[in-house]
Amino acid sequence: MSLIAGTASAQSPTNIFDPAGTPAHTAFGLSMLVLSITLVIFLIVAGLLLYALIRFRHRPTDSDREPAQIYGSNQIELSWTVIPILIVVTLFLTTTRVILVTEAIPKPPSAMDVTVIGHQFWWEYNYPKLGVVTANELHVPISDPSSPTPTYLTMSSADVSHSFWIPRLAGKMDLIPNRVNTMWIDPQATGLYLGQCAQYCGTQHAKMLLRVYAQTPQDFAAWIEQQKKPAVQDFPGNAAAAEGQSVFMKNACINCHAIKGTVATGRFGPDLTHLASRDTIASGPIPNTPENIRKWVDDPNTLKPGSLMPAMHLNDHDLDVITAYLTQLH
């Protein structure tokens, strides 16, 4: 999966000029209109300025006498009053249309629901109808235009203001404490779509990344089935992982993290039930490797300064066995 994700990442930058979903296409059209209008204004102003610089440049034969002063022109003043008003009205109406198209359309019965909660500095995803809770990597089915299956995201924040932004799929939507906002995405091609928290939310705002995996309906259904399963409990032939499970459950880890099927039921940090199936840790910036997991458990601030997870200060043996356990949570 990592190889596929890496390839998709290279082909799927955060580029607003390469839309891959209906809301993004709509916003792209509006952006092109605004750029066209501003380009015309720039060319007219720059052209007039260039004309004035050439036509009225100082010449050796010019006298030093002040030219005749002409005050006021009803035609010019009317033009530069009416034309900007028409431009503003046009942009207002087109922007309103985009807002209505992307936010006020009825929710189809085939839509999938995901609850998104922003935390410092990670994302929580809850699929209420499917009984799945995960973190940092959002999986959605692609939406066939002939049979639309959009994903509706119900958003809020657990702490400060965040902003959910996948440039190729949709515009920005703020996540605000004690307020629920909604947006929808409908990727029509499989792949990895990258994004970013677009609202400064603290020290690690820049590393609060977004990863959306658009999958075929079959692959998405298989992912859901895998995510519904409880965490691995038996580790035949892997004594280190079995011991790591015991050490994990006896430490403060269980106060913040949940692992389905165990006594770990914490909700302050990400759900770790299927941690090993994710491509990254720490909300995107760090590859999910045993070495990085070990460093993260030892002291998250070495990889992500400002992280709210405290350093565990475990001995080397406990770090090794907990790492062995976490890497088995597929």
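Could you do me a favour and compute the accessible area per residue for segment 241-317, 1.4 Å probe, result in Å²?
Values: 3510 Å² over 77 residues.
On a per-residue basis, segment 241-317 sits at 46 Å².
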Review point. What residue among Gln245, Gln199, Gln69 shows peak mean-square fluctuation when the chain is described by a Gaussian network model with Cα springs under 10 Å?
Key: Gln69
Check your understanding: Out of Gly72, Gly195, Gly131, any idea which swings most in a Gaussian network model of the chain, alpha carbons joined below 10 Å?
Key -> Gly72
Point to revise | Distance between segment 157-201 and segment 270-330 - C-alpha centres, whole angstrom | key: 25 Å
Review point. Considering only Pro217, Trp165, Gln75, whose Cα is most displaced toward the positive end of the charge dipole of the chain, charges sitting on Cβ of Lys, Arg (+1) and Asp, Glu (-1)?
Key: Gln75
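When only Cα pairs under 8 Å and 6 or more residues apart are kept, what is the percent relative contact order across segment 139-212?
Computed over segment 139-212, the figure is 33 percent.
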Check your understanding: Taking K and R as +1 and D and E as -1, what net charge do the other residues with C-beta under 12 Å from the C-beta of Thr273 add up to?
Key -> +3
**Study point:** Fraction of accessible area attributable to carbon and sulfur, segment 149-204 (%, probe 1.4 Å)
**Key:** 48 percent
Point to revise | Formal net charge of residues neighbouring Gly195 (Cβ-Cβ distance under 9 Å; K, R +1; D, E -1) | key: +2
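For segment 57-97, which whole percent of the accessible surface, found with a 1.4 angstrom probe, sits on carbon and sulfur atoms?
Whole-percent figure for carbon plus sulfur exposure: 64.
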Exercise for review: Have a look at the DSSP beta bridges in segment 151-207 and tell me what percent are antiparallel, nearest 5.
Suggested key: 90 percent
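Can you give me the accessible area per residue for segment 135-185, using a 1.4 Å probe, in Å²? Don't skip to the end; give the middle numbers.
Details: 1860 Å² over 51 residues.
Here the per-residue accessible area is 36 Å².
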Point to revise | Leading residue at positive end of dipole, the chain (Cβ point charges), from Ile322, Gln196, Val101 | key: Val101
Study note, to complete from the structure: Note: Ala68 to Ile41 extended length (0.36 nm per residue) minus current alpha-carbon separation gives 6.8 nm
Point to revise | Among Ile44, Ile99, Ile254: highest mean-square fluctuation, GNM of the chain, C-alpha pairs under 10 Å | key: Ile44
Study note, to complete from the structure: Measuring from its Cα centre, the chain shows a charge dipole (+1 at each Lys and Arg Cβ, -1 at each Asp and Glu Cβ) which, in debye to the nearest 20, is 600 debye
Revision key, fill the gap. Sorted list, accessible surface of protein heavy atoms, 1.4 Å probe, largest first, for Glu291, Glu66 is Glu66, Glu291
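The values are calculated or read from the model by the stated rules, or taken from the named source; none is laboratory data. All of these numbers come straight from a predicted model, not from anything done at the bench. Cβ sites come from the backbone with ideal geometry, for glycine too, and all protein chains shown count toward neighbours. Quick note on the areas: whole protein, heavy atoms, side chains included, nothing else; ligands and nucleic acids left out. Shrake-Rupley method; radii C 1.70, N 1.55, O 1.52, S 1.80 Å.
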